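S.K.: Handing you this structure, nothing more for now.
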Amino acid sequence: MHTESTPQATRTTGHRGPDWPSEATRWAQITLAEDDPLHFDADFWLDLMRSSQSNATCISAGGYIAYYPTQLEYHYRSKYLADTDPFGTLVDGARSLGMSVMARVDPHAVHADAAAAHPEWLARDLDGNPLEHWAHPDIWLTCAFTSYHREFITEVAREIVREYDVDAIFANRWEGYYGISYSEAARRSFRDDTGLELPVAEQAEGWHEYVGWRRRRLSELVGIWDQAVRDIRPHARFIPNLGALAARDLDRGLAERLYPIFIIDKQGRSGIEAPWGAGRNGKRNRGVFPDRPVRLITSVGPEHHQYRWKDSVAPGEEVKTWIVDGFAQGALPWFTKFNASVPDRRWVEPIVEAFTLHAKVEPVLKDLHITAEVALLDPTRAGQLRNDHRGDHEDGFYQALVEARVPFEFISDQVLSADRLRPFKVVVLANAEQLSDEQCAVLKEYVDNGGSLVAAYETSLYDERGRARDDFGLGEALGIRLTESSRAVKNNYIALMDSHALNQGFDGATRIIGGTRILGVEADAVAVVPFRFIPDFPDLPMEEVYQRDAPDRPAVICTENANGGRTVYFPFNLGAIFWEALQADHGRLIANAVGWALGKTPEVTVEGAGLLDVAVHRGETSVAVALVNLTNPMAMRGPIRETLPLPPQTVSIAVPADRVKVRLLVADVDVEPTVADGRAEVVIPTAGLLEIVHVDWGHA
């Protein structure tokens, strides 16, 4: 540890290049607390970087608190800094290990002296009052549309990249106040750009314009910061931290130009969130920017919606699972430890194990790309404008596809185009209620060209601004017409009709549970209706709970199109009710729909007991099937105490050659496949948290 400030002029800068975003694949982050200069142990952190095979690090530098001897007025130094430089010490140590380095800054709040000297920097409520921090007294929230962000933080970034050997500035909470700030600068900018006043609340007049304006202005801000650091160090970049929703708050054109890498700040499972949530973060980001590197931050402590136990430690198996499911789905590892003291070391071994596991499989996976035949539409644009538990619909479909072991990707409605849809055989719309006319036209063209759709509930009943349509925007493609708007029901059932692939697997049943919200629809004459709603009947008194009338209205509508595509539509909240009640019949119905819409044997199948998250990584002469074992005693409650070893799994993969070489990358053994009818089949006797089946026909 430095005992005095390192003279800035003596720092050496080795050769640095623009490829660091793709080459930095395992990140170790140290988020310092104000008192850390008193006691932090640099040797511990450098040893951990070495043992975990980390090749990149992110270290707290400045913004809210500076951990180096800043020369900028109102850039608050840690009151414990004295003549030390913990940031510089860690930068030098990481560079000695050949690591890439980011400097973390946080501009979301300022101390009282800065607030008093520059009241124009502060976020303000509708009445113009400055906003004090919600969690700490006498510090103040900043507004991203003021000179604090555009000028002061720009100078902080310049100082850091000028004085230290870093590859990037990493900005946490870079958007400032998360709500609508009514600072004079924000009011003036919005008025100049739109001719409107800032909306008084979400969904109020001007809200739609505000969403677009905020996206543009924040993206412009990142461009200012990025150019500032590149003017000093050409290979360096400014990287803003993104939440679990990845890039949906950014102007696409600017993001494509400015973002060499995406950092997703979804640090762990929260509440009863399912363990596949980590992999979903990777998919969601690729759904917007499919070719951009993604890193997923994992906290060593527990995550919860309401509480922040940052000094505690999450169960080791849960930490490992979050990291492994993330990198199996393309979001590579990044761990963060809040404050540099280590009163509880139980997190260290799980981090080392997970990072070492990634280092083991990286040589194969790094040259492959994740592919799938099925895509789940991510209605990100609608998410800006409506918030009525839309996530429940997605969660239910996601869970059903994971249970069915269907490899699938996300595709964002922001990039919906014929080219973007072309790689997929099936597109699933769990409840994409808000779709523009243009988006509906793209999806209809996709069906006309042989693609398949699986859609549910209010998909396409609203336009992109949330205005209700008289009928489905995708009605023609799905073969349906609206006859009755959504209504709530308590005791709904759907009856199995004529034999069809969608009612397979329900042996012994004549009806299954339907939805809790249903729509009335008519089906085209050419459609097949394998399920129909049983007309409503009472749920009490018990003596009155019986069916009165025969099944009538369509509950599942299936069509086969002349060009080969198939569509399935469910006029009820199938995804949401599956997520709420987890009735197996609903999961089977979703799996049957996707399987029938695909219309062929999937390119990859995995059979066996257990809960697996499957990803397919493909190259020109090889394919790697990643099996993340989510089987644990509390799988649907969320917390992970232990991972139960998998029983035997049969993996079948379509291959273009009669001779293939198969290796289990984690077990580190070659296995003999059975190759017949264009498929290679292997049996994995068991697996722990991860196994990857690598099939190579280029070197067989």
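The values are calculated or read from the model by the stated rules, or taken from the named source; none is laboratory data. Since the structure is predicted, the reported quantities are computational estimates derived from the model, not experimental observations. Cβ: placed from backbone, ideal geometry, glycine included. Neighbour counts: every protein chain shown.
S.K.: Would you confirm, using the coordinates I've provided, whether L598 is buried (at least 21 other Cβ atoms within 10 Å of the Cβ), within 21 Å of I370 (Cα to Cα) and under 26 Å from the mean Cα position of the chain (by Cα)?
M.R.: no
S.K.: Pairs needed: first member in the range 418-435, assigned by TED's automatic domain parsing to the domain that holds E464; second member anywhere, surrounded by fewer than 24 Cβ atoms within 10 Å (Cβ to Cβ) and among the hydroxyl-bearing types (S, T, Y); C-beta distance under 8 Å; at least 6 residues apart or different chains.
M.R.: Sorted first by the residue in the range 418-435, then by its partner, the pairs are A418/Y446; L421/Y446; P423/T371; V427/Y446; E433/Y462; Q434/Y462; L435/Y462.
S.K.: Just wondering, is there one or more residues in the range 82-105 that are basic (K, R) and under 21 Å from N172 (Cα atoms)?
M.R.: Within the range 82-105, one or more residues are basic (K, R) and under 21 Å from N172 (Cα atoms).
S.K.: Scan the range 103-162 residue by residue and report those that are among the hydrophobic types (A, V, I, L, M, F, W, C), at pLDDT 95 or above and surrounded by fewer than 14 Cβ atoms within 10 Å (Cβ to Cβ).
M.R.: A112, A116, A117, L126
S.K.: So which residues in the range 536-564 are outside any loop (DSSP other than H, G, I, E, B) and exposed (fewer than 11 other Cβ atoms within 10 Å of the Cβ)?
M.R.: M542, E543, E544 - these are the residues of the range 536-564 that are outside any loop (DSSP other than H, G, I, E, B) and exposed (fewer than 11 other Cβ atoms within 10 Å of the Cβ).
S.K.: What are the residues in the range 262-295 that are under 22 Å from R173 (Cα atoms) and β-branched (V, I, T), if any?
M.R.: Of everything in the range 262-295, those that are under 22 Å from R173 (Cα atoms) and β-branched (V, I, T) turn out to be I263, I264, V288, V294.
S.K.: Consider E73 against the criteria (1) of a type in the set (D, E, K, R); (2) surrounded by 15 or more Cβ atoms within 10 Å (Cβ to Cβ); (3) without any contact (Cβ under 8 Å) to a residue 12 or more places away in the chain: it satisfies all of them except one. Which criterion is unmet?
M.R.: (2)
S.K.: Only one of (1) at pLDDT 95 or above; (2) of a type outside the set (D, E); (3) outside any helix (DSSP H, G or I); (4) surrounded by 21 or more Cβ atoms within 10 Å (Cβ to Cβ) fails for L90. Which number is that?
M.R.: All conditions pass for L90, except number (3).
S.K.: I would also like to ask the following. Regarding R252, is this residue surrounded by fewer than 23 Cβ atoms within 10 Å (Cβ to Cβ), of a type in the set (K, R) and touching a helix residue (DSSP H, G or I) at 6+ places or on another chain (Cβ under 7 Å)?
M.R.: yes
S.K.: I've got another one for you. Please enumerate the residues belonging to the range 299-326 that are in contact (Cβ under 8 Å) with a residue 40 or more places away in the chain and either of a type in the set (S, T, Y) or over 11 Å from G268 (Cβ atoms) (or both).
M.R.: If the condition is that a residue be in contact (Cβ under 8 Å) with a residue 40 or more places away in the chain and either of a type in the set (S, T, Y) or over 11 Å from G268 (Cβ atoms) (or both), then E317, K320, T321, V324, D325 are the ones that fit.
S.K.: Something else: For the range 231-241, does any single residue satisfy the condition of being part of a loop (DSSP other than H, G, I, E, B) and within 20 Å of P130 (Cβ to Cβ)?
M.R.: Taking every residue of the range 231-241 in turn, none turns out to be part of a loop (DSSP other than H, G, I, E, B) and within 20 Å of P130 (Cβ to Cβ).
S.K.: Moving on. Among the candidates G610, G599, which residue alone is within 22 Å of K425 (Cβ to Cβ) and either of a type in the set (D, E, K, R) or at pLDDT 95 or above (or both)?
M.R.: Of G610, G599, the one residue that is within 22 Å of K425 (Cβ to Cβ) and either of a type in the set (D, E, K, R) or at pLDDT 95 or above (or both) is G599.
S.K.: Inside the range 320-371, can you point out the residues that are of a type in the set (F, W, Y) and part of a helix (DSSP H, G or I)?
M.R.: Passing the criteria: W322, F327, F355.
S.K.: Tell me whether the range 169-187 contains one or more residues that are farther than 19 Å from H108 by Cβ, surrounded by 15 or more Cβ atoms within 10 Å (Cβ to Cβ) and either in the same structural domain as G466 (by TED's automatic domain parsing) or of a type in the set (S, T, Y) (or both).
M.R.: Scanning the range 169-187, I find no residue that is farther than 19 Å from H108 by Cβ, surrounded by 15 or more Cβ atoms within 10 Å (Cβ to Cβ) and either in the same structural domain as G466 (by TED's automatic domain parsing) or of a type in the set (S, T, Y) (or both), so the answer is no.
S.K.: Right, another one. From (1) under 30 Å from A432 (Cβ atoms); (2) of a type outside the set (F, W, Y); (3) out of contact with any Asp or Glu (no Cβ under 7 Å at 6 or more places or on another chain); (4) surrounded by 24 or more Cβ atoms within 10 Å (Cβ to Cβ), pick out the condition that doesn't hold for P293.
M.R.: (4)
S.K.: Can you tell me which residues in the range 652-670 are of a type outside the set (D, E, K, R), in a strand (DSSP E or B) and surrounded by 15 or more Cβ atoms within 10 Å (Cβ to Cβ)?
M.R.: Result: S652, I653, A654, V662, L664.
S.K.: Looking at E438 and the list (1) exposed (fewer than 14 other Cβ atoms within 10 Å of the Cβ); (2) in a strand (DSSP E or B), which single condition is not satisfied?
M.R.: (2)
S.K.: A follow-up question, please. Taking the stated definitions as given, is L519 closer than 20 Å to I577 by Cα, within 32 Å of the chain's Cα centre (by Cα), in contact (Cβ under 8 Å) with a residue 12 or more places away in the chain and in a helix (DSSP H, G or I)?
M.R.: The answer is no for L519.
S.K.: Now a separate question. Could you tell me how many of the residues in the range 404-433 are assigned to a strand (DSSP E or B) and touching a Leu at 6+ places or on another chain (Cβ under 7 Å)?
M.R.: Within the range 404-433, residues that are assigned to a strand (DSSP E or B) and touching a Leu at 6+ places or on another chain (Cβ under 7 Å) number 7.
S.K.: Follow-up. Testing K79 on (1) closer than 14 Å to V161 by Cα; (2) surrounded by fewer than 24 Cβ atoms within 10 Å (Cβ to Cβ); (3) of a type in the set (D, E, K, R), one condition comes back false. Which one is that?
M.R.: (1)
S.K.: Next question. Scan the range 669-690 for residues that are over 13 Å from V625 (Cβ atoms) and touching a residue at least 40 places away in the same chain (Cβ under 8 Å) and jot them down.
M.R.: T686, G688, L689
S.K.: List the strands (runs of 3 or more DSSP E) inside the range 580-650, counting only whole elements, that have at least 2 residues being in contact with a helix residue (DSSP H, G or I) (Cβ under 8 Å, 6 or more places away or on another chain).
M.R.: Once the strands (runs of 3 or more DSSP E) in the range 580-650 are filtered for at least 2 residues that are in contact with a helix residue (DSSP H, G or I) (Cβ under 8 Å, 6 or more places away or on another chain), what remains is 612-618, 622-629.
S.K.: If only one of F410, F397 is of a type outside the set (G, A, S), touching an Asp or Glu at 6+ places or on another chain (Cβ under 6 Å) and either closer than 15 Å to A593 by Cβ or modelled with pLDDT of 95 or more (or both), which one is it?
M.R.: F410
S.K.: On to the next question. Condition (residue is surrounded by fewer than 21 Cβ atoms within 10 Å (Cβ to Cβ), of a type in the set (D, E) and under 33 Å from the mean Cα position of the chain (by Cα)) applied to the range 42-64: is it met by at least one residue?
M.R.: yes
S.K.: Identify the single condition in (1) assigned to a loop (DSSP other than H, G, I, E, B); (2) more than 30 Å from R465 (Cβ to Cβ); (3) touching a residue at least 40 places away in the same chain (Cβ under 8 Å) that W174 does not satisfy, given that it satisfies every other one.
M.R.: That leaves (2) as the condition not met.
S.K.: A further question follows. I'm checking my understanding of the structure. Among residues of the range 487-515 that are among the hydroxyl-bearing types (S, T, Y) and surrounded by fewer than 17 Cβ atoms within 10 Å (Cβ to Cβ), which one is modelled with the lowest pLDDT?
M.R.: This residue is S499.
S.K.: Looking only at the range 117-139, decide whether some residue is in contact with a strand residue (DSSP E or B) (Cβ under 8 Å, 6 or more places away or on another chain), of a type in the set (A, V, I, L, M, F, W, C), under 24 Å from C58 (Cβ atoms) and not in a helix (DSSP H, G or I).
M.R.: yes
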